[in-house]
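Here the structure is laid out as structure tokens; the discussion comes afterwards.
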Amino acid sequence: MIIKRNLFEAQEDHHTVVTIGTFDGVHVGHRKIIERLVANARANDLKSTILTFFPHPRMVLQQASDLKLLNTLDEKIAILEKTGLDQLIIHPFSKSFSRMTAESYVKEVLVDAINAKKVIIGYDHRFGRNRTATIDDLIRYGEQYDFEVEQIGAKEVDEVSVSSTKIRKALQAGQIETANNYLGYEYLITGTVSKGKGLGRQIDFPTANIEVAESYKLIPLNGVYVVKSEVGNRELYGMMNIGYNPTVNGEQRSIEVNFFDFDEDLYGRKLTIRFLHRLRDEQRFDSVDDLQEQLKKDREQSLAYIAGKK
């Protein structure tokens, strides 16, 4: 998969079939559209292309937006690389870009930069300054500039938008299996292991503290989860706590993972953690000893869950 970080760096010399969107989560609804895109490209000797934007347009146009995304940019790229897509264009979104007229957008972006021969897009797609142009305008421009427009029907568009909404709501409610079903893969977070207070090691549950750099990344509901990750070529299972560590009067939200049967130094390593199942809410215990006893129960439940999945 070719990745371009700017629309205008190099003009595309091969005709393309393109779709446009944020594709946050790259969930099962998105993948139906991508499969159509890839199949169409192969059947017509075109280059399958997704045009997406970063930052997310709402983050630029709505300064107070508290939008949380399902994927960081790197996560989205890694998922899209497995779809058979030929080309991903990630264009920097800005207020000036949003002010392009509809015709300038079609001529400079779709025709000159992307060399589109076909555009596959939702029936409700709007574009141009203040998003005033519609799919009917795009079809008219297609006739003018010699590209075909294929509409994605209302049902499919609704499935995609509903899936994104349901995934976010499920994660915010701790409903991991529901989110994973809509995603078609296990929800994941990516972060760097940093030094913590060392309490976990003192009570025989050493943890890797995960720092997620991207503030826009959606972190699931506080609580204890069964998770898995890969370190080198080794698949590791463990349990993760998201929350404030109330038993020891923690003040900052943290993400800590205790990997089973593993005690190597991970400081500074970048890890991708995948969520499998939620065990319980975060709790405040009367003592550290009580916390330790609960962690033993959590480990037993986690191992039983993993054995059942295998």
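Out of the residues in segment 136-188 that are in a helix (DSSP H, G or I), of a type in the set (A, V, I, L, M, F, W, C) and closer than 27 Å to Val106 by Cα, which is farthest from the chain's Cα centre (by Cα)?
Ile139
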> Considering Glu230, Glu251, which residue is modelled with pLDDT of 90 or more and acidic (Asp, Glu)?
Replying inline: Glu230
>> Checking the condition of a type in the set (A, V, I, L, M) and closer than 20 Å to Ile135 by Cα, which residue from Val109, Val28 passes?
In response: Val109
> Being outside any helix (DSSP H, G or I) and within 12 Å of the chain's Cα centre (by Cα), is that true of even one residue in segment 27-45?
Replying inline: yes
> Considering segment 92-135 alone, what residues qualify as being out of contact with any Ser or Thr (no Cβ under 7 Å at 6 or more places or on another chain) and part of a loop (DSSP other than H, G, I, E, B)?
Replying inline: Phe93, Ser94, Arg99, Met100, Thr101, Tyr123, Asp124, His125, Thr132, Thr134
> Which numbered condition trips up Met59, out of (1) more than 18 Å from the chain's Cα centre (by Cα); (2) assigned to a helix (DSSP H, G or I); (3) more than 20 Å from Gly184 (Cα to Cα)?
Replying inline: (1)
> Is it the case that segment 149-171 has a residue that's under 26 Å from Gln11 (Cβ atoms), assigned by TED's automatic domain parsing to the domain that holds Ala43 and touching a residue at least 24 places away in the same chain (Cβ under 8 Å)?
Replying inline: yes
>> Go through (1) crowded, with 18+ Cβ neighbours inside 10 Å; (2) at pLDDT below 90; (3) not small (Gly, Ala, Ser) for Tyr244 and report which single condition fails.
In response: (1)
> Looking at segment 248-270, which of the residues that are of a type in the set (S, T, N, Q) and more than 12 Å from Val212 (Cα to Cα) is surrounded by the fewest Cβ atoms within 10 Å (Cβ to Cβ)?
Replying inline: Gln252
> Which is hydroxyl-bearing (Ser, Thr, Tyr), out of contact with any helix residue (DSSP H, G or I) (no Cβ under 7 Å at 6 or more places or on another chain) and either in the same structural domain as Ser287 (by TED's automatic domain parsing) or free of Cβ contacts under 8 Å to residues at least 24 places away in the same chain (or both), of Thr272, Thr247, Thr207?
Replying inline: Thr272
>> Can you pull out every residue in segment 148-193 that is crowded, with 18+ Cβ neighbours inside 10 Å, over 22 Å from Lys32 (Cβ atoms) and not polar (S, T, N, Q)?
In response: Gly174, Ile176, Ile189, Gly191, Val193
>> Here is a list: Leu7, Leu73, Leu51. Which entry is within 26 Å of Ala154 (Cα to Cα) and either at pLDDT 95 or above or not aromatic (Phe, Trp, Tyr) (or both)?
In response: Leu51
> Within the group Ser287, Ser302, which residue is in contact with a His (Cβ under 9 Å, 6 or more places away or on another chain) and over 27 Å from Leu69 (Cβ atoms)?
Replying inline: Ser302
> What do you reckon, is Ser104 at pLDDT below 95 and more than 24 Å from the chain's Cα centre (by Cα)?
Replying inline: no
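The values are calculated or read from the model by the stated rules, or taken from the named source; none is laboratory data. If you're wondering where the values come from, they're calculated on a predicted model, not measured in any experiment. Every residue, glycine among them, receives a Cβ derived from its backbone with ideal geometry; neighbour counts consider all protein chains shown.
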